[in-house]
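The values are calculated or read from the model by the stated rules, or taken from the named source; none is laboratory data. None of these values were measured; they are calculated from a predicted model. Note: ideal-geometry Cβ built from the backbone for every residue, glycine included; neighbour counts use all protein chains shown. These accessible areas exclude ligands, DNA and RNA; they are computed on the full protein's heavy atoms, side chains included. Shrake-Rupley method; radii C 1.70, N 1.55, O 1.52, S 1.80 Å.
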Amino acid sequence: MSAEENSYNLINLNNNNKINADNKSSMPYNLEAEQSFLGAILFDNTTIENTMDLIKDYHLYEPLHQEIYQACLILFNNNKLADPTTLKGYLKDKNPNRKIDISDYLNKLKGSVLSISNINSYANEIKNCYLRRCLIRISDDIKENSLNIKIEPSFGVCDGNFIAAETIPVIDTLGPVGTGMHTEKETIYLNSI
């Protein structure tokens, strides 16, 4: 669901552009959980204490939500109130070309809160989506690297070299840690033995 289509109708960040550069069809996210999470914090700043160790700003998918959460953390850590009024100036200064009314959006976030008791559930959902995005990126990297594998002989005496010579990838190198394996400059780290 795009930001414009979300059922709370809270976000209208940019009518012409995508929310985030990631491929939205393959990246898991939950804007409603992010909105509810931030709304609970704006409604009652003490709720941030329960989640600040679990949720980091980069866990949030929506860049504006990342900025809002960063600002809330800064204000909270400085014993200052994080509410739509105090955040408005901070967020406008950070991005003066923003195309939405940040004050209106912050007030909608705060006003949409039905209960702050679910903040841990929202935080867990946000973290779950973040971890799933990480797994997708890791699997994409693995796929890319496996399609472009580089086989380099190590000039050693293990059977893995015979297999690698047949252009079959080999997972080897079980044993001590060091550098320059099977070369004239081979070294071993004694603490790895």
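A few comments on the model shown:
- Computed over protein heavy atoms with a 1.4 angstrom probe, the accessible surface ordering of Phe37, Phe76, largest first, is Phe76, Phe37.
- Cα centre as origin, Lys/Arg/Asp/Glu Cβ charges: segment 69-122 dipole, Debye: 120
- In terms of overall dimensions, segment 26-73 has a Cα radius of gyration and Dmax of 10.3, 34 angstrom.
- Potential lengthening between Leu54 and Asn191 on full extension [0.36 nm per residue; Cα-Cα distance subtracted]: 45.8 nm
- In a DSSP loop and with at most 15 other Cβ atoms within 10 Å, the trypsin sites (Lys or Arg not before Pro) in segment 57-98 are Lys80, Arg98.
- Using R0 = 41 Å, the C-beta based FRET efficiency linking Asp141 and Asn79 works out to 0.50.
- Using a Förster distance of 35 Å, the FRET efficiency for Asp44-Leu131 (Cβ separation, nearest 0.05): 0.85
- Annotation: His59 carries an accessible surface of approximately 10 Å², with a 1.4 Å probe and no ligand, DNA or RNA atoms counted.
- All Cα-Cα distances of segment 51-154, cut into 5 Å bins from zero to the largest, leave 2, 10, 16, 19, 16, 11, 7, 6, 5, 4, 2, 2, 1 percent in each bin in turn.
- Estimated inter-spin distance, Asp104 and Ile163, nm [label 7 Å along Cα→Cβ]: 6.3
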